Amino acid sequence: MFLSNYLYSTATLTELLSVLRRSKFAKYIDSDDIDGLSVRIKTAWFPVKVLKQVKLCRDAKDDKFIELALNGDASHLITGDADLLILHPIQNIPVINPRTFWDEITRLNEF
């Protein structure tokens, strides 16, 4: 089932908020919006406690996303990161780019 559960871990949420606070994004999103997004994610998404850590990605900083997918029993790992895409699939979890995911959900009329 697509689009039913969004997952986050402390590490992935921290990464998202850190990236959004970079100066290059300041013209698109301000600090209050980022804080609001954080609150919405924490209330609407499913928190995943990472109990099993992995070292699978050639970029160790991306392992947090694999850990989230595995510990959260994700149906997909959606990313544009080549270091993650090259690992497709990870223990039966498809690792796909956003366009491929969009094509899948629209083909299945899930959206």
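The values are calculated or read from the model by the stated rules, or taken from the named source; none is laboratory data. Everything numeric here is computed off the predicted structure, so don't read it as measured data. Glycine also receives a Cβ, built like all others from the backbone with ideal geometry; neighbour counts cover every protein chain displayed.
For the stretch 19-51, a residue qualifies if it is in contact (Cβ under 8 Å) with a residue 12 or more places away in the chain, over 18 Å from ASN71 (Cα atoms) and part of a loop (DSSP other than H, G, I, E, B), and exactly one does: ARG21.
Suppose we filter the stretch 62-100 for residues that are part of a helix (DSSP H, G or I) and under 13 Å from the mean Cα position of the chain (by Cα); how many remain? Can you show your working first?
To start, the set of residues in the stretch 62-100 that are part of a helix (DSSP H, G or I) comprises 62-71, 82-85, 98-100.
Right, trim to under 13 Å from the mean Cα position of the chain (by Cα) and you get 62-71, 84-85, 98.
Final tally of qualifying residues: 13.
Residues that are in contact with a Lys or Arg (Cβ under 7 Å, 6 or more places away or on another chain) and under 19 Å from VAL50 (Cα atoms) within the stretch 68-85 comprise LEU70, ASN71, listed in sequence order.
Suppose the filter is of a type in the set (A, V, I, L, M), over 17 Å from GLU15 (Cβ atoms) and at pLDDT 95 or above; does ILE96 pass it? Working first, answer last.
Working: of a type in the set (A, V, I, L, M): yes; over 17 Å from GLU15 (Cβ atoms): yes; at pLDDT 95 or above: yes.
Spelling it out, ILE96 is indeed of a type in the set (A, V, I, L, M), over 17 Å from GLU15 (Cβ atoms) and at pLDDT 95 or above.
Can you name the residue in the stretch 101-111 that is part of a loop (DSSP other than H, G, I, E, B) and either in contact (Cβ under 8 Å) with a residue 40 or more places away in the chain or of a type in the set (A, V, I, L, M) (or both) and is also farthest from TYR6 (Cα to Cα) among such residues? Checking each candidate, the answer is LEU108.
For the stretch 83-111, the candidate set comprises residues that are loosely packed, with under 11 Cβ neighbours inside 10 Å and aliphatic (A, V, I, L, M); within that set, the residue that is nearest to LEU16 (Cα to Cα) is ILE86.
Would a scan of the stretch 4-18 turn up a residue that is at pLDDT below 95 and outside any helix (DSSP H, G or I)? Yes, the stretch 4-18 contains at least one residue that is at pLDDT below 95 and outside any helix (DSSP H, G or I).
Restricting attention to the stretch 53-74, the residues that are surrounded by 14 or more Cβ atoms within 10 Å (Cβ to Cβ) and either aliphatic (A, V, I, L, M) or more than 12 Å from THR12 (Cβ to Cβ) (or both) total 8.
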